[in-house]
Every structure is written in structure tokens, then in C-alpha cells.
Amino acid sequence: MRASEYYIPTLREAPAEAEIPSHRLLLRGGFIRPLAAGIFTYLPFGQRVLSKVEQIIREEMNRAGAHEVLMSVLHPRELWEKSGRWDTFKPTPLRVTDRAERHFCLGPTHEEIITDLIAMDLDSYRDLPVTLYQIQVKFRDELRARGGLIRCKEFIMKDAYSFDTSREGLDRSYDAMYDAYVRIFERLKLPMTVVEAEAGSIGGTDTREFMLLAENGEDTVFMCDSCDYASNAECATSRPAAGTEPSEQGRRELVDTPDAKTVEQVCEMLDVTPDRLVKTLLFHTDNGFAAALVRGDRALNEFKLARAVEGDKMRMADDAEVQDLTGARVGFAGPVDLPEDVTIIADHEVRELSDFVTGANQDDAHFVGVNVDVDFEVDQWADLREACHGDRCSECDTGTLQARRAIELAHVFKLGTTYSEALGATFSDSEGREQVAVMGCYGVGVSRIIAGIVEHYHDDDGIIWPRESAPFEAAILLLSPNDEELRGIADNLYDELQDAGLDVLYDERDLSPGIKFAEADLLGSPVRLVVGRTTRNEGKVELRRRGDGHEELVELEDTVHAVLSLLEDA
RNA sequence: CGGGGCGUGGCGCAGUUUGGUUAGCGCGCUUGACUGGGGGUCAAGAGGUCGCCGGUUCAAAUCCGGCCGCCCCGACCA
């Protein structure tokens, strides 16, 4: 591509709204432009990167036996009502109504659509297994978009769905997709940390997220520093901390704690540390009310509680319900003498405690010297607490958990039969009995990958694209475009490199060298060729690798070979 | 939705507290000349509903009210 004929609207300074490197550099380099909060236009450079990433994904999907389709962004309401997600999917899909008052949503994900599609034509077990995928725009009505391409309202996703006759078949399809993902990220040169995760609004089991560790990621993952345990903070587990020593009084006692509603206030008033206190959090669940107990310095993980109570519609009790259940204002709830029908679920760590502090279920009062089994009974023990940096690993004896920020680039999970049942994706097995297809779901955040690459590969001057995703693999800088001889040399090089199969950006614009160098660094092609002074004086071309600054001078006739060899390690 | 910040030429900003000529500066842009190895120099230019609406005032970028948009933190989340 000749730069003079191309569209490269670079910015010398990044717009003020961009804070993180990927956002700033993608804007500065003319890869993207904002249209509205969380909505972007991809310019030629950005589109090229998208295409490269998509192509790698396509190749690996196809290699894994998946087949590409393209589904609509507009989804009829009735399909989402069949799955029950019209009102429950979070964030609520963006809804639209046509002139005939038909209701649609802009698809945030395509389980309903693909399952309906398969259900239309699925008859026999002989039709399975099948895995279909698409690369398509998704809409999610995010409460708040952030970080440029990291979290958008509109984004590009590769989503694949597998249909099998059995759990065993699903396992095979899942493994094939998992392996494909490993290959995709190897080719993209993005080191992945695969973590255990929650399935969220999609549902399912065996959820794994492919995480890129990154300062500006919005997810937190915990990694053991000793074994290979890694998990999203949403579901990370840790060993209960050692218990506290019994205190002196050794028996339950009511103390005044006027207006002390928070752990901090109670601790200050009673002069104790938060790890000697047990928090009681009341929830409304499918099976009535539950009280969740965690140590005062711990955060409750609602995913874990939801799993423990086996309820879909769990929510925190409101102020009136708390008043009703405890007879006290919010802030003074405790496990002692709660109504019989409130299920008490306690975090394992509570078991390690003795003589602790709890709310007294009366206004402005707490108990000290409370003990499990002495003062109240626990109905159910469970892992309820958020893991913390420095917690001991639950999987090995020696490790501790390290918290790291990360960007989720892909996920895989086993859906089972939720959608195939709801949407009628059934088939006849070899004995003529009707069976429900077993599904898996596999997503890759294509546009987010671009942000991930830039977050991972950049320096102060710009982006450092790995060859595989670079918009152009090599950039020729002709520093003296008015010198006919040099121009002829550069034109030749341009042709030769293209003939060698490379994507080449040929900067033959009549601009000062400084601008060309600065833009070349910003745009980040892996290899840069300079045709200029040295070419005129010595007949040589200067080669520079963007990644490590490695430079060499090569004879004209060796240039293509040298570029190719530099690209080997780019 | 809660908290915070911002909105002035394409981009980055000053000016707003304390209302008062013609709204400035840097970059970018146009033209010309010089220059030609890291966003070069000089000269001459173009470009502004000061986010929008309303109000106060002789007078509003500046004060008041409402609204909109954007960013960050939180809540939520593949």
C-alpha cells in the first residue's frame, strides 16, 4: 500500500478521553474513531488488523472441524422468550420494535438463534455432532463502556456452538474448541492464562476463560505461586485462614454499640480487629430467607452463595425484610436467635473462630464471645468468601494466591441441554427414541483481542504488532522521494516484497523524515526498511525490527531475504 | 444508577474564581520559501453557535436553572 494513496489519519496527541495505552495508541494511529460511548468505527488500519485476527480464528475453527455461518444481529423476541432470557439476561438486551409492532433485540449472544436454526433441520443422531461458528457484531447495553476496545457496547465476537448426541460427545467437541483456542492465541503471540470462571447469564459448566494478564484488565484472577491453580476472582477458592485465639470472657455477652452499623464502626467501638467479627448478610432465595456468615474482614461472594442455596433468583433482603427477620435496623443482624425458618449458611472460615462478635438482632447492640454450636447452629457450611491476595492456595500445601489484573479474551463452556430443550433441538437416536442435543458454547472477543495485543505489545513510541496481527508486515520509508534514483530503488523493493507475499506499507510521501519515523513507530509494523542516505552512498538498505530495535544494513539484492528472516522472529 | 471530573477551531490546553475591547496559546491545516535521518525553520493565512436551551444583566465562555454528551471510580458483567 502506498501511503500517499492510503488513509492514515494519525494524531500527534491522543484525545483526552483515552487513558489506557491501547485506547490512546489505536486512536493516535488512526485504527479506530469513537462514534459514541462504547461504539467505534474501524478505519482502514483497524479493519486490516481485525481481518488478520479473524483470519487466524477462521483457520483454526475450520481446522477444528467447525463451519462458518452468519446469523442476524436482530433477534425475534419470541426466541428469547422461549429460552426465558428476554427478561433475565444481563445486561438487558437492547430492544427494538419495527413498524408492525414486532419486537426484537440486538443480539448480545446467539444461543437462541443457533439452537433454533439447528432445531429446524435436526432429525437424526446421524446429523451430529456439528459445530457452527460466526464472526459477528454483538450488542450489549453495558451500564458503562470503558477502556476503548476493552469493553464496548458494540463489539465483534467469534461465537461457536457445538451440538452432540451425548455428554461424551460434548466433551470431545469442547476439547477440540479448547485446543483451537490454544492454537489461536499461540499464533497471535498472546500468552494466555486459562482460569476457572463463572458462566454468568449464559449458564453451563466447565467454564474456562482465556485471560491475558494486563495492568489495565478489568478482571481479577488469582494464581497460585506454587502450583498451576488459576481462577477468576468470581469463583476463586482459598484455604480458610487459621482461627483466632479464644478471648478471655469466653461466653456470650450483650454490649451496647449505638449506631455502629458497619464492621469498621463496631471494631472501633469494641476495640477488636475485623477478623474477630462475623458478618451476617440476609438474602431472599427461592427457598425462603438465608443468612450468610463470613468473617468480618471478608467479602461475601454472591456467586458462591447462590450456588450454595441452589437458587436462581437470589437477592439481598431489603431493609424492611431485615427489620422483620431480626427485629433490628440494618447493621445489627446476627445468627443468634434468628427465626427458625432462616437457613444459616456459614463460610468455612467461621468454623475456625471462637469468641467472636456478631450483631445481636436488636438495635444498637452486638454480642461478644459468640461461638458456633454454643450460641447458634449452622445449617450449612460452604465456601462463601471472596479469595484475597495472599490467601493460602486451596489446591496445594505451600502456595499462596496472587491477584493479577487480566483481560478476558475468550471463554469456553458446556451448556448441556438448557437451550436445546427450550428450543426443541431434538433428534432420534439409533433406537428411534427422541433425545435432546447436548450443547457447548465458545466465544472469542475479536475486537477485544486487538486491545489486548496493543496493551501487551507497545512502548512509548507506539504499537509493536506481532507479525500475525500487524496491519502491514513491513514498512518502507523512502526518505528522499524527490530523488529519482532512490525512488526507483524503493519502488522495486516495494514490488519485490509484495511478490514475496508480504503486506507492505510504502511511505513515499513528501514529508520530513522525522514524521515518517515517528509514524512508522506509532503504526508498529514489525520490520522497517529505510531507503535514504545510506542507500545512495553505500547501496544498502537499513532494516530495523520494531520489537527489539535490532538493526542491520543489507545489500539491495539481499533485502527481501533479510526481511523475511527478520520477520521469522517478529 | 451512585461518586468524581470534563465540555472553548481538527487535537491538546489557557481564560471562568472576581461578568467588561477584537476569546488566546501549542500542535495540526492552507500557501510560499528554505530544509531533508527522529513529528525541521521562516513568513503569510484560513478556521470558533465557547455542548444545548432558558434566565439574570447595559453587558455572559464567565453568574443562575434545566438538559445533553464524554471520561474515570463503583455497582453490574461475556
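Since every read-out is calculated from the coordinates, none of them should be taken as a lab result. Bear in mind the structure is a predicted one, so any value in this text is a computation, not a measurement. All Cβ positions, even for glycine, are placed from backbone atoms using ideal geometry, and neighbour counts span all protein chains on display.
Each principal axis of the Cα cloud of the range A:472-568 was taken in turn, and the coordinate range along them, longest first, works out to 33, 28, 21 Å.
A Förster radius of 35 Å, combined with the Cβ-Cβ distance separating A:Arg2 from A:Asp98, puts the computed FRET efficiency at roughly 0.20. Can you give me the Cα centroid spacing of the range A:1-62 and the range A:172-214 in angstrom? If we compute the Cα centre of each part, the gap is 25 Å. Counting only DSSP H runs of at least 4 residues, each contributing -39500 (n - 2.57), and dividing by the residue count of chain A, the helix-based mean residue ellipticity at 222 nm comes to -8000 deg cm²/dmol.
Can you check what the net charge comes to around A:Ser226, using other residues whose Cβ is under 12 Å from the Cβ of A:Ser226 (Lys, Arg +1; Asp, Glu -1)? Before the final figure, lay out the partial values.
Details: positive: A:Arg392; negative: A:Asp225, A:Asp228, A:Glu395, A:Asp397.
For residues surrounding A:Ser226, the net value is -3.
What FRET efficiency comes out for the pair A:Ser512/A:Ala403, r = Cβ-Cβ distance, R0 = 51 Å, nearest 0.05? For A:Ser512 and A:Ala403, the calculated efficiency is 0.60. Each other residue within a Cβ distance under 12 Å of A:Gly30 adds +1 if Lys or Arg and -1 if Asp or Glu, for a net charge of +3.
The residues neighbouring A:Ile156, those whose beta-carbon lies less than 9 Å from its own, together hold a net charge of +1 under the Lys/Arg +1, Asp/Glu -1 convention. Restricting the chymotrypsin sites (Phe, Trp or Tyr not before Pro) of the range A:313-378 to loop positions (DSSP other than H, G, I, E, B) with no more than 13 neighbouring Cβ atoms within 10 Å leaves nothing. If you wrap chain A in the convex hull of its Cα atoms and look at it from every side, the mean projected area works out to 33.6 nm².
Within the range A:413-437, name every residue whose backbone N is under 20 Å away from a label modeled 7 Å from Cα of A:Asp127 along the Cβ vector. Under cut-off, by backbone N: A:415-437. Between the beta carbons of A:Gln362 and A:Asp179, assuming R0 = 56 Å, the FRET efficiency works out to 0.40 to the nearest 0.05. In a simple Cβ point-charge model (Lys, Arg +1; Asp, Glu -1; nothing else charged), the range A:472-568 has a dipole of about 380 debye relative to its Cα centre. Restricting the range A:396-485 to trypsin sites (Lys or Arg not before Pro) that sit in a DSSP loop and have at most 14 other Cβ atoms within 10 Å of their own Cβ leaves A:Arg433.
Filter the GluC sites (Glu not before Pro) in the range A:284-340 down to the DSSP loop ones having no more than 14 other Cβ atoms within 10 Å, then list what survives. Each step should come with its number before you reach the end.
Numbers: sites: A:Glu302, A:Glu310, A:Glu321, A:Glu340; in loops: A:Glu310, A:Glu340.
For GluC sites (Glu not before Pro) across the range A:284-340 that sit outside H, G, I, E and B with at most 14 neighbouring Cβ atoms in 10 Å, the list reads A:Glu310, A:Glu340.
Shown for chain A: cysteine residues without a partner Cβ closer than 4.7 Å, namely A:Cys105, A:Cys152, A:Cys235, A:Cys267, A:Cys388, A:Cys441. Counted over the range A:253-382, the DSSP beta bridges are approximately 65% antiparallel.
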